[in-house]
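Accompanying notes for the structure given below.
The values are calculated or read from the model by the stated rules, or taken from the named source; none is laboratory data. Everything quoted here is computed from the prediction, not taken from an experiment. Virtual Cβ from ideal backbone geometry, glycine too; neighbours counted across all protein chains shown.
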Amino acid sequence: MKYVITGGAGNISKPLTLALLKAGHNVTVIGRNADNLKALTAAGASAAIGSVEDVQFLTQAFAGADAVYTMVPPRYDITANWKAYIGQVGANYRDALKNSGVKYVVNLSSVGAHLADGCGPVSGLHLAELALNELEGIAILHLRPGYFFSNFFGNTNMVRQMNILGSNFGGPGFKLVLSATDDIAAVAANALLNHNFTGHAYLYLASDVRTTDEIATVLGEAVQKQHLPWVTFTDEQALSGMLAVGFTEEIAQNYVEMGRAISSGAMMEDYWKSEPVWGNVKLEDFAKQFAAVYLQGN
């Protein structure tokens, strides 16, 4: 079969592509930089170099494929209406998929995408879901994983310099649904290989559920910082911190909004009603990866 994978050599797209190649399939990977795809082309994938903002390019890339994996590549230079940008990429995928012959789409979304607004960038993923759901005759599976373990890589300097871990959510007893990118890739590969979904479906994913205090303790111990505390910031503190490290006002405000939705429970409310697919990576497994990244900065 012929598959097209968006997301270049990202943390989900790369293992997903390798899994499909290992199963003997024809895989084309869409990316913005050919050099970043060398490991995948060396493994047998084809590269399509272009932008997800270019509908004509996407239309050509999707033509003749049996199934496609879609995701919105991260952009942190957005200065206005990040949600609309994310939704527009979903609309670009929709337009490129029309009359493409593609029968199956696995789309990376997020927990919280059931809400039309109030979840920062995840509200943009809600718009992307709606756009894709306008397609008829194509089975679409929206993956809604929990909070990425890999998000904590961005907190290594906080741990190193401030001896804390935190955000504008969390606190004593606060549980956070966590997902590992390898687990997400495995679920995506299974869906693409087996075509075990119909219509427009939604699937929640989780690798672990831990309190924020546990997260701080386990990650702290992995980097030789015993009893590392989780500190719950105010929205103003979180915004100030993100602006200080170079985020645009638009990106920072959206992340603050997402943290507020996590804190209130709104972002996770639909997850708790679901029967999620569980992955194999646990917090202690991720802690080894966190320590490796942390040590690179020393």
Only one of A266, A261 is within 21 Å of S110 (Cα to Cα), at pLDDT 95 or above and surrounded by fewer than 17 Cβ atoms within 10 Å (Cβ to Cβ); which?
A266
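Residue by residue, here is whether (1) assigned to a helix (DSSP H, G or I); (2) charged (D, E, K, R); (3) closer than 22 Å to S240 by Cα; (4) under 13 Å from the mean Cα position of the chain (by Cα) holds:
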{"site": "E136", "(1), (2), (3), (4)": "no, yes, no, no"}
{"site": "I140", "(1), (2), (3), (4)": "no, no, no, no"}
{"site": "R144", "(1), (2), (3), (4)": "no, yes, no, yes"}
{"site": "N155", "(1), (2), (3), (4)": "yes, no, yes, no"}
{"site": "M158", "(1), (2), (3), (4)": "yes, no, yes, no"}
{"site": "P172", "(1), (2), (3), (4)": "no, no, no, no"}
{"site": "A186", "(1), (2), (3), (4)": "yes, no, no, no"}
{"site": "A191", "(1), (2), (3), (4)": "yes, no, no, no"}
Enumeration of residues in region 192-234 that are surrounded by fewer than 22 Cβ atoms within 10 Å (Cβ to Cβ), in contact with a Leu (Cβ under 6 Å, 6 or more places away or on another chain) and closer than 30 Å to D66 by Cβ
F197, A201, L203
Can we say V105 is among the aliphatic types (A, V, I, L, M), crowded, with 23+ Cβ neighbours inside 10 Å and either part of a helix (DSSP H, G or I) or over 20 Å from the mean Cα position of the chain (by Cα) (or both)?
no
Which condition does S13 not pass, out of (1) surrounded by 16 or more Cβ atoms within 10 Å (Cβ to Cβ); (2) touching a Lys or Arg at 6+ places or on another chain (Cβ under 9 Å), if it passes all the others?
(2)
What is the residue count in region 234-293 for residues that are under 17 Å from F174 (Cα atoms) and of a type in the set (A, V, I, L, M, F, W, C)?
8
Looking at region 181-190, is at least one residue in contact with a Phe, Trp or Tyr (Cβ under 8 Å, 6 or more places away or on another chain) and more than 30 Å from A291 (Cβ to Cβ)?
no
Being in contact (Cβ under 8 Å) with a residue 60 or more places away in the chain, buried (at least 20 other Cβ atoms within 10 Å of the Cβ) and out of contact with any helix residue (DSSP H, G or I) (no Cβ under 7 Å at 6 or more places or on another chain): is that true of D285 here?
no
Under 8 Å between Cβ atoms, at least 6 apart or on separate chains: pull out the pairs that start in region 214-241 with a residue that is more than 27 Å from A252 (Cα to Cα) and end on any residue that is surrounded by fewer than 15 Cβ atoms within 10 Å (Cβ to Cβ) and of a type in the set (S, T, N, Q).
K225/N163
Of the residues that sit in region 40-50 and are among the hydrophobic types (A, V, I, L, M, F, W, C) and surrounded by 13 or more Cβ atoms within 10 Å (Cβ to Cβ), which one is farthest from T6 (Cα to Cα)?
A43
Among the strands (runs of 3 or more DSSP E) confined wholly to region 6-72, which include 2 or more residues that are of a type outside the set (K, R) and under 19 Å from I86 (Cα atoms)?
26-31, 67-70
Picking from A34, A19, A23, which residue would you name as being of a type in the set (G, A, S), more than 19 Å from F62 (Cα to Cα), exposed (fewer than 15 other Cβ atoms within 10 Å of the Cβ) and modelled with pLDDT of 95 or more?
A23
So K175 ticks every box in (1) touching a helix residue (DSSP H, G or I) at 6+ places or on another chain (Cβ under 9 Å); (2) touching a residue at least 60 places away in the same chain (Cβ under 8 Å); (3) at negative phi but one. Which box is left unticked?
(2)
